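K.L.:
The structure's right below; bear with me while I get my questions together.
The values are calculated or read from the model by the stated rules, or taken from the named source; none is laboratory data. Because the structure is a prediction, the values reported are computed rather than measured. Using ideal geometry, Cβ is built from the backbone for each residue, glycine included, and neighbour counts are taken over all protein chains shown. Side chains included, ligands, DNA and RNA excluded: accessible areas come from the protein's heavy atoms. Shrake-Rupley method; radii C 1.70, N 1.55, O 1.52, S 1.80 Å.
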Amino acid sequence: NGLLGKVWDDNMSIKMLGTRLKKVVANYQAMNKYGVDVSSSSSRPKLSGPELLCQLKEKVDVVTLTSDLLPFSSLPWASQLPPKLLTSDLGPYKTCAVVSSAGSLHRSGLGKEIDSHDAVLRFNAAPVSGYEKDVGSKTTVRLINSQVMASDEHRFLSSSLYSTGVLVAWDPAPFSADLTQWYNKTDYPIFTQYQRYRKLHPLQPFYILHPRFEWQVWQRIQDNMAEPIQKNPPSSGFLGTVLMMSLCDVVHVYEFLPSRRKTELCHYYQRFYDAACTLGAYHPLLYEKNLVKRMNQASDLDIYTHGRVTLPGLSKLNC
Ligand code: C5P
């Protein structure tokens, strides 16, 4: 089958990258900004898709910060945090779409299909206005990183881009997932920006991911790879995919595994080219894609033509 060689190979390794990217990834693999502490397991049996799915279900808690959690509960702004978990407030949905921001969405014509889902997840500054034909117009949840919240360029507090749907934010936290340690040393000022945004938009639901979730997802990737992965948190794309797997019966992820439209164009909404956007540099994105490929329940042809992966909701699994 000629297609098989054209879609994502689930054994992708840093060895297959070009010289420049290989160096960047190797650098990140050696760096350990967040104090990742891994006990190297010597034998790693290669798990099947269903086994990987069950690991996600059993070993990852999809948790968000709530107002009753220390140290937040002792702070004057605690009441700005939601009282309940995202997973108890939202869903369950029958079908969900996760829209990666990849350049290969450009001219995909996937908009109608994406909008036909009960819930749609988008990332960071990804717009819909002007791109409806390719990415749809529905936004149920937007997952944003703390860098987007903090940078002047994105105008997080004032741009209407962020005012649709439920917001979920995350920040690369210390591996210990200790909340006080993190609160005193965030990567970007996520809590300051959260408080400001909540004052301006008090009615819009806004959650923050618990760092335990980030690193539990990271551990699933590392435990199932034969080589050391970057000691940095997973990309928004993979965090969002696991998040939606906890809210939906079926999740379709678009252009996370590149289709026949595969391109070095970084985002569908910007004229910026860099293969690192698709293959990863800071994030262990290459390895996330290996796992998603192994968990995919649909065909390689779906990936090739639609850039579409089908994953089951975690509640639908019989483990
Ligand atoms: O760049 P940004 O993080 O906003 O994009 C959202 C997610 O989409 C990424 O975290 C990554 O998982 C995925 N992505 C991708 N290939 C690209 C661009 C983004 O897989 N070219």
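K.L.:
Return the tail of the calculated pair distribution for region 115-168, meaning the percent of Cα-Cα pairs more than 12 Å apart.
P.N.:
That fraction is 64 percent.
K.L.:
Amide H of G313: which non-local residues (sequence gap of 5 or more, or other chain) have their own amide H closer than 5 Å, using H built in the peptide plane?
P.N.:
Those qualifying (amide H under 5 Å, at least 5 residues apart or on another chain) are V250, V251.
K.L.:
Going from the alpha-carbon gyration tensor of region 185-319, what semi-axes, largest first and in whole Å, does one get by taking the root of 5 times each eigenvalue?
P.N.:
Each semi-axis is the square root of five times an eigenvalue, giving 26, 20, 18 Å.
K.L.:
Which percent of Cα pairs goes in each bin when the distances of region 1-109 are cut into 10 angstrom slices starting at zero?
P.N.:
It works out to 9, 17, 32, 29, 12, 1, 0, in whole percents.
K.L.:
Mean separation of Cα pairs under 8 Å and 6+ residues apart, divided by the residue count of region 173-269: what relative contact order is that in percent?
P.N.:
20 percent
K.L.:
On to the next question. Can you tell me the convex hull volume per residue for region 128-229, based on C-alpha atoms, in Å³ to the nearest whole number?
P.N.:
Roughly 141 Å³ of hull volume per residue.
K.L.:
For V120, enumerate residues with amide H under 5 Å from its amide H, sequence gap 5+ or separate chain, H modeled in the peptide plane.
P.N.:
Under 5 Å from the amide H of V120 lie the amide H atoms of A97, T140, V141, each far enough along the sequence or on another chain.
K.L.:
In Å, what Kirkwood hydrodynamic radius results for the chain from the alpha-carbon pair distances?
P.N.:
About 20.0 Å for the chain.
K.L.:
Can you pull the percent of region 1-154's accessible area that's carbon plus sulfur, 1.4 Å probe, other chains left in place?
P.N.:
C and S fraction of accessible area: 52 percent.
K.L.:
Can you list the trypsin sites (Lys or Arg not before Pro) in region 128-237 that are in a DSSP coil and have 13 or fewer other beta carbons within 10 angstrom?
P.N.:
Passing both the DSSP loop test and the Cβ count: R155, K185.
K.L.:
Just the accessible area per residue of the chain, please: how many Å² with a 1.4 Å probe?
P.N.:
44 Å²
K.L.:
So, one more: For the chain, what does the helix formula give at 222 nm: sum of -39500 (n - 2.57) over DSSP H segments with n ≥ 4, over the residue count, nearest 500 deg cm²/dmol?
P.N.:
Calculated at 222 nm, the ellipticity per residue is -8500 deg cm²/dmol.
K.L.:
If I take every Cα pair under 8 Å that is 6 or more residues apart in region 203-319, average their sequence separation and divide by the length, what percent do I get for the relative contact order?
P.N.:
33 percent
K.L.:
Going by amide H atoms built from the backbone, whose H comes under 5 Å of the H on Y207, apart from near neighbours?
P.N.:
L167, V168, A169
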